[in-house]
Amino acid sequence: MKLHLPRSTFGLAALASLTLCIATILLGGIVYFVSHEALEQQLDHRIAAETSSLKTVAEQDGIPALRTAIARREDGHNTNGLGYMLFAGSGTKVAGKFDAALPRPGWHELLPFHDARERANIAQALATPLRDGYVLVVAADRTPIDEIDRSILMIFAAAFGAMLLIGATCAWGLGFVVRRRLGRIHATAEAIIDGDLSRRVDRDEVPNEFDKLAETLNRMLDRIGSLLENLQQVTTDIAHDLRTPLARQQQILEAALDADLDADACRDAIRRAADSSEEILNIFTAMLRISEVETYQVREGFRPVDLSEVAERVADAFRASAEATGHEIALDIEGEAIVEGDRHLLAQMCANLVENTLRHTPAGTRIAIGVQRRADAVRLVVADTGPGIPPAERARVLQRFVRLERSRSTPGHGLGLSLAAAIARAHFATMELSDAGPGLRIVIRFGG
């Protein structure tokens, strides 16, 4: 049969309290046993020492001297708390006030005797044979030991009861506190399920585990809220950006159907419709690429990559097209710069930044691609001398489908910087847009 441990907070706290109580019982049993044995051994030593002393008297001075020594001890000259009996060979007690039957020789842990004040009682005794058939009995009342045993048992019983009460109270209190704090999280989750996406877990602003959990959950909810808002915005932007090429494609096809076109005109209409389809496919391809990067599964294939080599190859690839549009590409590399990442994604990120600059800056613009090494970071810098981006728009242009007004006349759909930012986040890097004076400087910082 499988043992099922409690899983509720109260059950776990109660189990811990019960375990502590059992440990207390075991400790109490050990203390009781050790104390009891120590007291009995001490009593045995006293009895044995007294017996040895009286036996020496009997052997040296005879039985009369022994009887005198017993009488002297019982008269109060020796306050050792022991009792004495001397039996003759016939079994008749000839000395001693201790009242018990003649025991057999040896140790007796539980010897019944009669006490005039306490009636029947139990003693610990040693019966020692002497010459001429005499038997000396030295006994000690076990009442003090029994009282100490009872005191120890009462103390541990009280301690066990107190620990049981305290444990139950603490278990209830802990369960109440945990249920109350988890109730806040539950209420927040229920509110979010019911549609209140702005709801957050209440915090006490006190450094403890629950407050840290609430902070983490709130950050997670903020992230989810941001993703939902981004999803809504992306959905709206996709519908808006696809409407133009789809409408253009529909007009081309409808015009071709309505008109009596020759073979060349038909081919031209089909070609223009195909161009619109390609534009739509390019939008979806970019969107899928961004979504793939934002899942961060690409991190599984990260390897050491020389960012300087990547930047150099991108610069070489765009140098011819830059010269054709009247742009200038300059390369500033400070030697080898190794980062953990995906070579193809890093190349695409760098290419997107350069292509975005070529597309949105006028002829004569200088584009500088640099890789800088610092003690704790590697930086990829793409700067230009173009018109730049206003500070208020720099965070917005990193969103999908966002284009500035002056860029409406140029090809594109506002996904280049979004993809570059997604690749940077996947590589644990930060992307910062700043003023190049004049122009725009984009800095992607790896590490640090």
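Tell me, which strands (runs of 3 or more DSSP E) lie completely within segment 332-399 with 3 or more residues that are in contact with a Gly (Cβ under 8 Å, 6 or more places away or on another chain)?
Values: elements: 338-341, 366-373, 378-384.
Counting at least 3 such residues, we get 378-384.
Of the set (1) acidic (Asp, Glu); (2) in a helix (DSSP H, G or I); (3) surrounded by fewer than 14 Cβ atoms within 10 Å (Cβ to Cβ), all apply to residue 204 but (2).
Sub-7 Å Cβ pairs linking a first residue in segment 202-227 that is closer than 14 Å to residue 192 by Cα to a second residue that is of a type in the set (D, E, K, R) and outside any helix (DSSP H, G or I), at least 6 apart or interchain, are 218/200; 221/200, ordered by first then second residue. Annotation note: of 166, 193, the sole residue that is more than 30 Å from residue 27 (Cβ to Cβ) and not assigned by TED's automatic domain parsing to the domain that holds residue 40 is 193. Looking only at segment 430-444, filter to residues that are in contact (Cβ under 8 Å) with a residue 60 or more places away in the chain and crowded, with 18+ Cβ neighbours inside 10 Å; which one of those is nearest to the chain's Cα centre (by Cα)? Top of the filtered list is 444. When restricted to residues that are more than 30 Å from residue 418 (Cβ to Cβ) and either assigned to a helix (DSSP H, G or I) or of a type in the set (Val, Ile, Thr) (or both), segment 179-201 contains 15. Screening residue 301 with (1) modelled with pLDDT of 85 or more; (2) loosely packed, with under 15 Cβ neighbours inside 10 Å gives one miss only, at (1).
Taking the criterion of being within 30 Å of residue 345 (Cβ to Cβ), at pLDDT 75 or above and outside the structural domain of residue 426 (by TED's automatic domain parsing), would at least one residue in segment 283-296 satisfy it? Within segment 283-296, not a single residue is within 30 Å of residue 345 (Cβ to Cβ), at pLDDT 75 or above and outside the structural domain of residue 426 (by TED's automatic domain parsing).
The values are calculated or read from the model by the stated rules, or taken from the named source; none is laboratory data. Computed from a predicted structure; not experimentally measured. Using ideal geometry, Cβ is built from the backbone for each residue, glycine included, and neighbour counts are taken over all protein chains shown.
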